[in-house]
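Peer 1: The structure follows.
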Amino acid sequence: MLRNSPPGTADIGALERKATQLRRHMLTMARGQGQGYIGQGLGIADTLAALYFHELRYDPHNLTWPDRDRLLLSTGHYSIALWSALAEAGIIPVEELATYGADNSRLEMSTLDTTPGVEVIGGSLGHGLGQGVGQALGLRIDKSDARVFVELSDGEMQEGSTWEAAMSASHFKLDGLLALIDCNGIQADGPMVLDMEPVADKWRAFGWQTAEIDGNDMKAVVGALADAREGNGKPKAIVLRTLPGKGVPRIETSEKSHFFRIDIAQWDGIIAEFEQSAGAAR
Amino acid sequence: MSGAAMEAGRTLAMGQDEAIGGGRQSVEAPFGKALARLGQSRPDIVGLTADLGKYTDILPFRDAFPDRFFNVGMAEQNLVAVAAGLARTGKVPFATTYGVFATRRAYDFVAIALAHSNLDVKIVAGLPGLTTGYGGTHQAIEDLALMRMIPGLTIIDPCDATEIDAATEAIAEHRGPVYMRLLRGSVPVVFEPGYRFEIGKARHLRSGSDVGIISTGFMTERALDAADALRKQGISVGVLHVPTIKPFDAEAVAEFAASVGRVVTVENHVVVGGLASLVVETLFDAGIAKKVTRVGLPDRYIECGAVPTLQAKYGLTTEAVIATIAALK
């Protein structure tokens, strides 16, 4: 039975290669539909690689294992990133990724919890963190040491329910709850329409142990996750500064990176650009 | 009803309720007592509230099981979200707040975090319909209509202390999300201890042929009193009590309606979207062409005041039911 559990040291190079593989899956998936939330997916790839291939404790063959760590993807539209991670983790077949966003596919543009490996219905932003609080309370009642990781976004912090949940997590001293806040600086209407800075100070003020890092620096991501293992009575927040479209210069610099739609013919150019940039990084 | 409150014609302090029940015996906090009793044999039951524990009768459960009780403060979206998370770890959360907050304020969470995933969370909502003098902010006059639109949500509007006790047990057994209206404090006993509550089943309480009352919630008590009074005037009135709004017992309603001359719906709710609408839809679907007269709240916000004054003004009394039926042409 295969189970991930936090090892002492991480192989940063191997995790970076996993992140590249996740990005490769995502680009292939977006090419199939000619569109998708590819900017967000490419930006969060490093974090998902660190979680699924280093930090999370789970068994891909026993998804209802009560003592599994949970990852709640509150931003349901980041599904493209989750599907690629679940495929690499052996939870869904890699071949199925080609169905992303197609009619009758389990791999929707926004997550539903009917797909294996999905812990929560994301997409109605502001829902994830409160449900993470509830899961952490339930695990505490069960005396389980499983942890709950909630991915949310900078735009999502504008939903008041995010802060209702943040208040309650520190009140209940949920030190096994981690908020992974993807600050990529974009939201539906463009660059942050409402200023959320200073983000880290807000979480500290709400009683969270907070780190702020470059979310596309694997070493920093792994280090922040390691620091967050401490059982000190405080919930943990990691503010991830990420670049939407990371790995594909044409998407990184696009003003339309919230929802990227181009002709299928141009995707081949995008993928070539990605492979060139991934090769240079190697 | 309380004579003192009636005479003074004043709004009582938050948490105080004018006694309703027309001289019947009553039980204190039947919901909280039932939940605390169930908690003994059901370690999976947990309690939650959003700063309204004292006002939703859940404190007997908190006192018995402090480690399984969570007060999330004034945050109803988070109340529902946290309950959803607890349910995903195998718990059966009972979450209390007022009906206005559970519906208007937390609607997206009830719909998406609970119902969409069919999670096992029971929302128990105080101050249903017109049971507080605190005005439109606190009177959940349209909660049944709002919640009816949520797929897979079970909705209960109990009549009395006996039914609240039985329904609390039934919804704890039922798998899936539930919205139950709460009658709090001193709740009258209308039904005998042997009364059987079953989710989704209407109860035929009185037989009659001239007029058939279809009622829900505490208005069934008033419907029964009205039926008894009208019988003395020579009008034969039947009563069908429908404590489950969803899933609706359409079969029993259609059968009952077909057996009477006229149909009158009686509910502690606006007359659009709730019981009256359900009955009309049911009769139409069944091809029963019968005029339906609606007793309930008007489609408007209601002012502050003493509950007995307001209930009399807006027709939620035995007298109003009698007058409506006596005036039927």
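The values are calculated or read from the model by the stated rules, or taken from the named source; none is laboratory data. Everything quoted here is computed from the prediction, not taken from an experiment. Heads up, the Cβs are rebuilt from the backbone with ideal geometry, glycines too, and the neighbour counts pull from every protein chain shown. What goes into the accessible areas is simple: the full protein's heavy atoms, side chains included, and nothing from ligands, DNA or RNA. Shrake-Rupley method; radii C 1.70, N 1.55, O 1.52, S 1.80 Å.
Peer 1: Keeping to region B:84-116, report how many residues are assigned to a helix (DSSP H, G or I), in contact (Cβ under 8 Å) with a residue 40 or more places away in the chain and facing chain A (nearest Cβ under 7 Å).
Peer 2: So the answer is 1.
Peer 1: Let me spell it out: the conditions are (1) away from chain B (no Cβ under 12 Å); (2) within 23 Å of residue A:55 (Cβ to Cβ); (3) not in a strand (DSSP E or B), and residue A:169 meets all of them except one. Which number is the exception?
Peer 2: Going through (1) away from chain B (no Cβ under 12 Å); (2) within 23 Å of residue A:55 (Cβ to Cβ); (3) not in a strand (DSSP E or B) one by one, residue A:169 breaks only (1).
Peer 1: Hey, another quick one. Just to be sure I understand, how many residues within region A:60-94 are part of a loop (DSSP other than H, G, I, E, B) and within 21 Å of residue A:155 (Cβ to Cβ)?
Peer 2: Residues meeting the conditions: 2.
Peer 1: Let me ask something else. Go over the candidates A:125, A:112, A:139, A:97 one by one and state the one that is over 19 Å from residue A:67 (Cα atoms) and not in a loop (DSSP other than H, G, I, E, B).
Peer 2: Going through A:125, A:112, A:139, A:97 in turn, the sole match is A:97.
Peer 1: Out of curiosity, is residue B:208 among the small types (Gly, Ala, Ser) and open to solvent by less than 10 Å² (accessible area, probe 1.4 Å)?
Peer 2: no
Peer 1: A further question follows. Looking at the structure I just gave you, is residue B:63 at negative phi, out of contact with any Ser or Thr (no Cβ under 7 Å at 6 or more places or on another chain) and either open to solvent by 30 Å² or more (accessible area, probe 1.4 Å) or basic (Lys, Arg) (or both)?
Peer 2: For residue B:63, the condition - at negative phi, out of contact with any Ser or Thr (no Cβ under 7 Å at 6 or more places or on another chain) and either open to solvent by 30 Å² or more (accessible area, probe 1.4 Å) or basic (Lys, Arg) (or both) - is met.
Peer 1: Can you tell me which residue among B:192, B:198 is part of a loop (DSSP other than H, G, I, E, B) and at pLDDT below 95?
Peer 2: Only one candidate passes the filter, namely B:192.
Peer 1: When only residues in region A:217-254 that are without any contact (Cβ under 8 Å) to a residue 40 or more places away in the chain and under 16 Å from the mean Cα position of the chain (by Cα) count, which is farthest from residue A:176 (Cα to Cα)?
Peer 2: Taking the candidates together, the pick is A:220.
Peer 1: Separate question: I'm trying to understand the selection: among the residues of region A:18-45, which are out of contact with any His (no Cβ under 8 Å at 6 or more places or on another chain), open to solvent by less than 10 Å² (accessible area, probe 1.4 Å) and under 19 Å from residue A:221 (Cβ atoms)?
Peer 2: The answer is A:19, A:22, A:26, A:41, A:42, A:43, A:44, A:45.
Peer 1: While we're on this one: Take region B:54-110 and flag every residue that is of a type in the set (Phe, Trp, Tyr) and within 22 Å of residue B:33 (Cα to Cα).
Peer 2: B:55, B:61, B:65, B:69, B:70, B:94, B:98
Peer 1: Residue check: is residue B:123 in contact with a helix residue (DSSP H, G or I) (Cβ under 6 Å, 6 or more places away or on another chain) and in a strand (DSSP E or B)?
Peer 2: yes
Peer 1: For region A:102-134, which positions are under 18 Å from residue A:233 (Cα atoms) and under 18 Å from the mean Cα position of the chain (by Cα)?
Peer 2: A:129, A:130, A:132, A:133
Peer 1: A further question follows. From (1) more than 17 Å from the chain's Cα centre (by Cα); (2) more than 14 Å from every other protein chain (Cβ to nearest Cβ); (3) of a type in the set (Val, Ile, Thr), pick out the condition that doesn't hold for residue A:64.
Peer 2: Failed condition: (2).
Peer 1: Does region A:98-125 hold any residues that are open to solvent by 10 Å² or more (accessible area, probe 1.4 Å) and over 23 Å from residue B:118 (Cα atoms), and which are they?
Peer 2: A:98, A:99, A:101, A:102, A:103
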